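Below you'll find the structure, written out as structure tokens, and then a few comments.
The values are calculated or read from the model by the stated rules, or taken from the named source; none is laboratory data. Model, not experiment: these values are computed from the prediction. Methodologically, a virtual Cβ is constructed for each residue, glycine included, from the backbone with ideal geometry; neighbour enumeration extends over all protein chains shown. Just the protein is used for accessible areas: all its heavy atoms, side chains included, with ligands, DNA and RNA removed. Shrake-Rupley method; radii C 1.70, N 1.55, O 1.52, S 1.80 Å.
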Amino acid sequence: MKDIDPRIAEALARLPEYLGNHVLLSVSALALGLAISLPLGILAARSNVLRWPLLAFASLIQTIPGLALLALFYPILLGISGLTSMLFGASFSAFGFLPSLLALTLYSMLPVLRNTIAGLSGIDGAVSEAANGVGMTRRQALFMVELPLALPVIMAGIRTAAVWVIGTATLSTPIGQTSLGNYIFTGLQTQNWVFVLFGCVAAAVLALIVDQLLALIESGLKARKRNRILAGAAGIALVVFAALVPGFVRNGSGYVVGAKTFTEQFILAALIENRLRENGLPAARRDGLGSTVAYDALLSGEIGVYVDYSGTIWATQMRRTDVRPREEVLREIRKWLEPQGVLLAGTLGFDNSYALAMKRTRAAELNIKTIADLARYAPQLSIAADYEFLVRPEWTALRNAYGLQFRTQRQMQSTFMYEAVATGEADVISAFSSDGRIAQYDLVVLSDPKNSLPPYDAILLVSPKYANDEKMLSALKPLLGAISVEKMREASLLADRAENKQTPEGAARWLWQQIEKK
């Protein structure tokens, strides 16, 4: 009997954690949305003054892309948290669950609000008059007559809201909320289509099950069949219980390892998680975080440790535009981190700098070897970059140093960025020097003769919360200075190529074996 595909095995192993967090977020957002929308809908049904503004606001929310709405709440909450800390000496987490909850709550409001108004407004006036005629107060008429008649219509809105929330919750991964979206974001980055399919199918199945159980409640309300209502409610409770309990068991408490949105980061986070676990320390991961989100989460203690790069801290966090020698950059970064309590535990041993890369044959055709050579042809060429590069200070410094002006600029997920340059859809891409796909796609990295980009040593950063935790630091010490750029490229390539049937976890185990061989 053949062994199970490691990608499927890893997907199944992660399911309790991802599904449990996804259900918890979805249920919480839907419950909060109902608590807000139902009373507002009842008020709006009786007031033309309230009706239009409320529906207009809820409709406006739906025009904002889900990922943008989720991301927008993070800086807003971060600012409010800082303000409350300054005024009252107390702060709260702006990472993960809370911004996701608030964004999804807003997303759930429109169908519930609209259907509540429609259901109550559609009741025959004679029914209300009859209720008044038998001596009912306005409140009694609402709860004993009008709402029961409107409930089937309201339930249809709740069904729509539930499906929207479950689907949109997959986009909460980049702001630190674990969900079924972790499969999708990780899979897209590493070309692990099993993960992508697994995440999509799991979210779709969950949405369909919940929709059908709510439909059973809706039909019970229409037919006034209590057994259907109870069966649907019991089914919803069972789904929530079955999803949450294993997720809570898996999550527990412990050290949280952060990871940004590319393959190398997934591998290094898995490597760190494994080192902690094998030293008897509980650990979990938060994958797919943006650069700023990751650092802020480290500072607040939401994540305990992650790998960043000296150039990113230098340019993005410290906002330095000058280029200094490697040792001086590291020394300045340590000095900058100390007052914040963040520990720079050491370097991992390799450099992962931003670079511009071209297909080798295309570069040879134009005789382009350096970025200075590229500048002469840039107006006739197109560049594809990852989501961050074109808005980072490094790009500004590079563009100004060489006068780069491309014919077109496009941002895309990095897997498709490499495919674009390989197929000729793009002439130049932003690449990482330690990325194994440079060799896979036969690319050439253009040299930077003006040294406009800072060094990008991979550095291990530890949260102030664990800066003096000797057990954790001891567990991670073997990783310091132990990973060469060649081994990092091989590990990345191992996880990136779909035909390898490998996951970041598998690549992390391979990388640790290479470290042990030294």
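Kindly provide the set of residues from the range 367-384 that are open to solvent by 10 Å² or more (accessible area, probe 1.4 Å) and assigned to a helix (DSSP H, G or I), ordered by number. Hits for the range 367-384 are Ala372, Asp373, Ala375, Arg376, Tyr377, Pro379, Gln380. When the criteria are applied in full, Ala355 fails the requirement of being crowded, with 18+ Cβ neighbours inside 10 Å, under 24 Å from the mean Cα position of the chain (by Cα) and not hydroxyl-bearing (Ser, Thr, Tyr). Would you point out which residue out of Arg286, Arg331 is of a type in the set (Lys, Arg) and either touching a Phe, Trp or Tyr at 6+ places or on another chain (Cβ under 9 Å) or open to solvent by less than 20 Å² (accessible area, probe 1.4 Å) (or both)? Every option except Arg286 fails the conditions.
Looking only at the range 404-419, residues that are open to solvent by 50 Å² or more (accessible area, probe 1.4 Å) and closer than 14 Å to Leu374 by Cα come to 2 in all.
Looking only at residues that are open to solvent by less than 40 Å² (accessible area, probe 1.4 Å) and not in a strand (DSSP E or B) in the range 456-472, which one is nearest to Arg331 (Cα to Cα)? Walk me through how you get there before you give the answer.
Narrowing the range 456-472 to residues open to solvent by less than 40 Å² (accessible area, probe 1.4 Å): 456-463, 466-467, 469, 472.
Keeping just the survivors that are not in a strand (DSSP E or B) gives 456, 463, 466-467, 469, 472.
Details: Tyr456: 14, Ser463: 18, Tyr466: 21, Ala467: 18, Asp469: 22, Met472: 23 Å.
Within the range 456-472, the match that is nearest to Arg331 (Cα to Cα) is Tyr456.
Checked across the range 427-435, the condition of being touching a Leu at 6+ places or on another chain (Cβ under 6 Å) and either among the aliphatic types (A, V, I, L, M) or not in a loop (DSSP other than H, G, I, E, B) (or both) holds for at least one residue. Which residues, counting only those in the range 16-56, are of a type outside the set (A, V, I, L, M, F, W, C), open to solvent by less than 40 Å² (accessible area, probe 1.4 Å) and either outside any helix (DSSP H, G or I) or more than 22 Å from Phe95 (Cβ to Cβ) (or both)? Matches in the range 16-56: Ser37, Gly41, Ser47. For the condition at pLDDT 95 or above and either open to solvent by less than 10 Å² (accessible area, probe 1.4 Å) or on the phi > 0 side of the Ramachandran plot (or both), Ile303 does not qualify.
Could you tell me whether Leu214 is on the phi < 0 side of the Ramachandran plot, assigned to a helix (DSSP H, G or I) and either small (Gly, Ala, Ser) or out of contact with any Pro (no Cβ under 7 Å at 6 or more places or on another chain) (or both)? Yes, satisfied. Take the residues in the range 106-132 that are free of Cβ contacts under 8 Å to residues at least 12 places away in the same chain and charged (D, E, K, R), then tell me which one is least open to solvent (accessible area, probe 1.4 Å). Once the filter is applied, the top-ranked residue is Asp124.
For (1) open to solvent by 40 Å² or more (accessible area, probe 1.4 Å); (2) among the acidic types (Asp, Glu); (3) modelled with pLDDT of 90 or more, each residue gets a yes or a no:
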{"position": "Ala204", "(1), (2), (3)": "yes, no, yes"}
{"position": "Asp211", "(1), (2), (3)": "no, yes, yes"}
{"position": "Leu216", "(1), (2), (3)": "yes, no, yes"}
{"position": "Gly220", "(1), (2), (3)": "no, no, no"}
{"position": "Gly235", "(1), (2), (3)": "no, no, no"}
{"position": "Asn251", "(1), (2), (3)": "yes, no, no"}
{"position": "Gly254", "(1), (2), (3)": "no, no, no"}
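Looking at the range 420-453 only, could you name the residues that are closer than 17 Å to Thr312 by Cα and open to solvent by 10 Å² or more (accessible area, probe 1.4 Å)? Scanning the range 420-453 gives Phe432, Ser433, Asp435, Asn451, Ser452, Leu453.
Applying the criterion of at least 1 residues that are closer than 30 Å to Glu425 by Cβ to the helices (runs of 4 or more DSSP H) found wholly in the range 267-366 leaves 291-300, 360-366.
Taken over the range 363-390, the criterion of being over 17 Å from Leu404 (Cα atoms) and either of a type in the set (Phe, Trp, Tyr) or within 35 Å of the chain's Cα centre (by Cα) (or both) is satisfied by Asp386, Tyr387, Glu388. The residue of the range 72-91 that is nearest to Ile166 (Cα to Cα), among those that are open to solvent by 50 Å² or more (accessible area, probe 1.4 Å) and within 20 Å of the chain's Cα centre (by Cα), is Leu72.
Residues in the range 412-424 include none that are at pLDDT 90 or above and in contact with a helix residue (DSSP H, G or I) (Cβ under 7 Å, 6 or more places away or on another chain). Here the range 57-67 is the region considered, the condition is being open to solvent by 70 Å² or more (accessible area, probe 1.4 Å) and in a helix (DSSP H, G or I), and the residue that is farthest from Gly119 (Cα to Cα) is Leu67. Filtered by the rule that a residue be among the hydroxyl-bearing types (Ser, Thr, Tyr), assigned to a helix (DSSP H, G or I) and over 23 Å from the mean Cα position of the chain (by Cα), the range 403-426 gives a lone residue, Thr423.
Only residues that are within 21 Å of Pro478 (Cβ to Cβ) and over 17 Å from the mean Cα position of the chain (by Cα) were counted across the range 276-306, and they come to 10. Out of all the residues in the range 266-278, is one or more under 27 Å from Pro99 (Cβ atoms), open to solvent by 10 Å² or more (accessible area, probe 1.4 Å) and aromatic (Phe, Trp, Tyr)? No, the range 266-278 contains no residue that is under 27 Å from Pro99 (Cβ atoms), open to solvent by 10 Å² or more (accessible area, probe 1.4 Å) and aromatic (Phe, Trp, Tyr). Can you say whether Ala90 is touching a residue at least 40 places away in the same chain (Cβ under 8 Å) and not in a helix (DSSP H, G or I), as far as the supplied structure shows? No, not satisfied. When only residues in the range 486-516 that are modelled with pLDDT under 80 and not charged (D, E, K, R) count, which is most open to solvent (accessible area, probe 1.4 Å)? My answer is Asn500. Going by the conditions given, is Leu98 within 18 Å of the chain's Cα centre (by Cα) and either without any contact (Cβ under 8 Å) to a residue 40 or more places away in the chain or surrounded by fewer than 21 Cβ atoms within 10 Å (Cβ to Cβ) (or both)? Yes, satisfied.
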